[in-house]
1. Yes or no: residue 11 within 21 Å of residue 89 (Cα to Cα) and touching a strand residue (DSSP E or B) at 6+ places or on another chain (Cβ under 7 Å)?
2. Inside region 42-110, counting only helices (runs of 4 or more DSSP H) that do not spill past its ends, which hold 1 or more residues that are under 17 Å from the mean Cα position of the chain (by Cα), at pLDDT 95 or above and closer than 27 Å to residue 12 by Cα?
3. Quick one: which of 89, 104 is surrounded by 14 or more Cβ atoms within 10 Å (Cβ to Cβ) and either touching a helix residue (DSSP H, G or I) at 6+ places or on another chain (Cβ under 9 Å) or free of Cβ contacts under 8 Å to residues at least 12 places away in the same chain (or both)?
4. Looking at 25, 16, which is the one that is part of a helix (DSSP H, G or I) and in contact (Cβ under 8 Å) with a residue 40 or more places away in the chain?
5. Among the residues of region 29-43, write down those that are more than 18 Å from residue 1 (Cβ to Cβ), touching a residue at least 12 places away in the same chain (Cβ under 8 Å) and out of contact with any helix residue (DSSP H, G or I) (no Cβ under 6 Å at 6 or more places or on another chain).
């Protein structure tokens, strides 16, 4: 699995425009081949900072997305940002869920 985190620090006066752009991408990107999840969060400490979190089945699926017009729309927001986009791509070998948390907590000293 490939995980992506994209951080956008938006100019305050451009927040609505960026929010509309980001919202318009959620459903179409989520339907792209290989997209496991695609969601957007707002920083609770800075209402002008957004994070996009994506999960892709393969690197090839992500590469196809990066070449797409939709990703171009995201890149087109650069003039609306305080700082350049921060993009991090992670190759995930293994994932764990709540069972891992429960196992770790069961081992804690009482």
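The values are calculated or read from the model by the stated rules, or taken from the named source; none is laboratory data. Because the structure is a prediction, the values reported are computed rather than measured. All Cβ positions, glycine included, derive from the backbone under ideal geometry; neighbour counts span all protein chains shown.
1. Working: within 21 Å of residue 89 (Cα to Cα): no; touching a strand residue (DSSP E or B) at 6+ places or on another chain (Cβ under 7 Å): yes.
Answer is no for this residue.
2. Numbers: elements: 59-66, 69-75, 98-106.
Correct list: 59-66, 69-75.
3. On the way: 104 fails: surrounded by 14 or more Cβ atoms within 10 Å (Cβ to Cβ).
One residue alone meets the criteria, 89.
4. Numbers: 16 fails: in contact (Cβ under 8 Å) with a residue 40 or more places away in the chain.
Going through 25, 16 in turn, the sole match is 25.
5. If the condition is that a residue be more than 18 Å from residue 1 (Cβ to Cβ), touching a residue at least 12 places away in the same chain (Cβ under 8 Å) and out of contact with any helix residue (DSSP H, G or I) (no Cβ under 6 Å at 6 or more places or on another chain), then 41 is the only one that fits.
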